[in-house]
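Notes follow the structure.
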Amino acid sequence: MLQVRNLKVRYGGAVLALQAVSLDVPAGAVVAVLGSNGAGKTTLLRSVSGTLAACGGAVDEGSIEFEGRSVVGRPAAALAGDGLVHVPEGRRVFTHLTVAENLRAGAFTVKDRARRAAAARRVHELFPVLHERRDQRAGLLSGGQQQMLAIGRALMACPRMLLVDEPSLGLAPRMVGRIGEVLKEINEQGTTVLLVEQNAIMALSVASHAVVLTLGTVTLSGTATQLAADQSVRDLYLGIRAEPDEEETAEREAGSGDCEATPAPAGAGARLGRWEL
Ligand code: ATP
């Protein structure tokens, strides 16, 4: 469904953010892109969704095709109309608008009233809290609810492929788990998902396939099961060591207090011991 080949992207004609990145997302799949800060994950999604130029970036080389058609140079609204919809990092909801107004804004590319109504029903079934709070300003929602609204707003555009950037960022572990379940449900309803995450545990529990980006290059790819079993992924992104020594165990126990409220940085998996794939 999505085919990225030898993609090279720069910002401001100078900063090389991606080099020779290739990636396939088959229809019906959830593919995760893992990597630490600055690896190029967001840049990859911007390149696919047509939002790269607005951030000062440009495709230097390579190709991106969605359902056989090049997306490079096409505006984001046109791509959204084709079913390729981006949920940006940082829950960018319109805080001064109500929940209902945010959702209506998401449907602006959908002209057919019946499709809009069906999308609204889907969003309310997935996120009943958004229906309950439809008249509240989005800025008054909790972080988790704002993430649900950001995903719900994207679903209002009737995507065939959803591009989701770090939905776990800044959320408590229980909410991260809920977001992961919702992404699975969205996929089971027929929407293909390209998921960018630093939280490898959540991402690999949702995805069928994954790639690891390191400094703008794909350094590993495979099924989620293969990557979860790969020792370098386990060390770097899952924080699972084969035999932790006593000192590490003591550090882990001492550091577990902030786990509920703090997002997990890459490589800090020692504090994520409770998560299981
Ligand atoms: P994070 O998890 O921190 O969001 P990331 O893996 O998504 O990281 P990108 O945000 O894609 O990484 O950044 C890749 C590289 O491009 C980094 O070196 C970053 O500093 C640079 N970069 C990103 N956005 C811009 C921009 N708008 N202008 C200039 N350089 C940028």
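Here are a few things to note about the model shown:
- Considering helices alone, the calculated mean residue ellipticity of the chain at 222 nm is -9500 deg cm²/dmol, with DSSP H runs of length four and up weighted by -39500 (n - 2.57) and normalised per residue.
- Annotation: amide H-H contacts under 5 Å for Leu52 (H modelled 1.01 Å from N, sequence separation of 5 or more, or interchain): none.
- Percent RCO, i.e. relative contact order, over region 111-190, from Cα pairs under 8 Å lying at least 6 residues apart: 31
- Within the same chain, lysines fewer than 8 places from Lys184 are excluded, and of the rest, those with a Cα less than 24 Å from its Cα are Lys41.
- Within region 2-238, DSSP assigns beta bridges of which about 55% are antiparallel (rounded to the nearest 5).
- For region 1-54 and region 107-124, distance of Cα centres in Å: 29
- Overall Cα dimensions of region 3-108 - principal axes, largest extent first, Å: 42, 29, 25
- When the convex hull of its Cα atoms is projected in every direction, mean area for region 68-160 (nm²): 6.3
- When Rg and the Kirkwood Rh are both derived from Cα coordinates, the Rg/Rh ratio for region 2-238 amounts to 0.95.
- Computed from the alpha carbon atoms alone, the convex hull of region 176-237 holds 81 Å³ per residue.
- Here the residues Cys158, Cys55, ranked from fewest to most Cβ neighbours within 10 Å of their Cβ, fall in the order Cys55, Cys158.
- Normalising the average separation of contacting C-alpha pairs (under 8 angstrom, six or more residues apart) by the number of residues puts the relative contact order of region 2-238 at 27 percent.
Every read-out reported here was derived from the displayed coordinates using simple, explicitly stated rules and does not represent laboratory data. Every value quoted in this text rests on a predicted model; they were computed, and no experiment measured them. A quick note on method: Cβ atoms are made from the backbone with ideal geometry, for glycine too, and the neighbour counts reach across all protein chains shown.
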